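What follows is a set of notes on a single structure, which appears directly below.
The values are calculated or read from the model by the stated rules, or taken from the named source; none is laboratory data. Since the structure is predicted, the reported quantities are computational estimates derived from the model, not experimental observations. Positions of Cβ are generated from backbone atoms using ideal geometry, with glycine treated the same way; all protein chains shown enter the neighbour counts. The accessibility values were calculated without ligands, DNA or RNA, using every heavy atom of the protein model including side chains. Shrake-Rupley method; radii C 1.70, N 1.55, O 1.52, S 1.80 Å.
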Amino acid sequence: MSRNKDKKQEQEMVEETPTELVEETTETVEVEQPEVDELAKVKADLEEMENKYLRVQAEMANIQKRNAKEREDAAKFRAQSLATELLPVIDNLERALAIEVTDEQGKNLKKGIEMVMETFNAALKSEGIEVIDPLNEPFNPNFHQAIQTVPVEEGQPSETVVQVFQKGYDLNGRVLRPAMVIVAQ
């Protein structure tokens, strides 16, 4: 019997207050709408933060790669400034070796200079410094500096280095000093 009573009361309430239920339903929808907007806003904020996070991660990875490359280059080219300072010394030793000597004392001095020159060359080679000696090779402005041109002789190709005034030097692919040359044209 109590069930019947409860049902009757529910029916009476529904019949008496239909506008109240409609208003409650509208209120519920109104309450749900801000929740949906708030949820969409939170999702958009989350997506924006994820994008920022991924960008920062990518930027950090790029910075690490750039720093590693800079350290590698610094180690690779650490001998550049010292080599640049020593190149005139090597040039002077080569000029001293080019002098012809006839007496015994001069020959001994020249032998000593040759030993010093061999030591210099070994030290340069161990640091990755190589000589650019382009005699009879095609002229390359990246490695050679033309100081004079001469007419092409018979059987000689054009744009060829015919004489080297000063050797050039290269450190791991980077030109320390271009070779000073005369080019046939």
So which residues in segment 90-121 are open to solvent by 60 Å² or more (accessible area, probe 1.4 Å), in a helix (DSSP H, G or I) and either of a type in the set (Gly, Ala, Ser) or under 19 Å from residue 164 (Cα atoms) (or both), if there are any at all? 92, 95, 98, 121
Subset of segment 70-89 [open to solvent by 50 Å² or more (accessible area, probe 1.4 Å) and of a type in the set (Gly, Ala, Ser)]: 74, 75, 81
Output the residues belonging to segment 80-127 that are in contact (Cβ under 8 Å) with a residue 12 or more places away in the chain, small (Gly, Ala, Ser) and under 19 Å from residue 178 (Cα atoms). 83
Might you check whether a residue that is among the hydroxyl-bearing types (Ser, Thr, Tyr) and either under 26 Å from residue 82 (Cβ atoms) or within 30 Å of the chain's Cα centre (by Cα) (or both) occurs anywhere in segment 112-120? yes
Looking at (1) in a helix (DSSP H, G or I); (2) at pLDDT below 85; (3) under 30 Å from residue 122 (Cβ atoms), which is the only condition residue 78 fails? (1)
Of all residues in segment 122-163 being touching an Asp or Glu at 6+ places or on another chain (Cβ under 7 Å) and open to solvent by 70 Å² or more (accessible area, probe 1.4 Å), which is nearest to residue 86 (Cα to Cα)? 130
Only one of (1) of a type outside the set (A, V, I, L, M); (2) open to solvent by 70 Å² or more (accessible area, probe 1.4 Å); (3) farther than 19 Å from residue 169 by Cβ is not met by residue 67, so which one is it? (2)
How many residues does segment 164-185 hold that are at pLDDT 90 or above and either open to solvent by less than 10 Å² (accessible area, probe 1.4 Å) or more than 11 Å from residue 132 (Cα to Cα) (or both)? 7
Does any residue of segment 126-144 turn out to be touching a helix residue (DSSP H, G or I) at 6+ places or on another chain (Cβ under 6 Å), hydrophobic (A, V, I, L, M, F, W, C) and part of a loop (DSSP other than H, G, I, E, B)? no
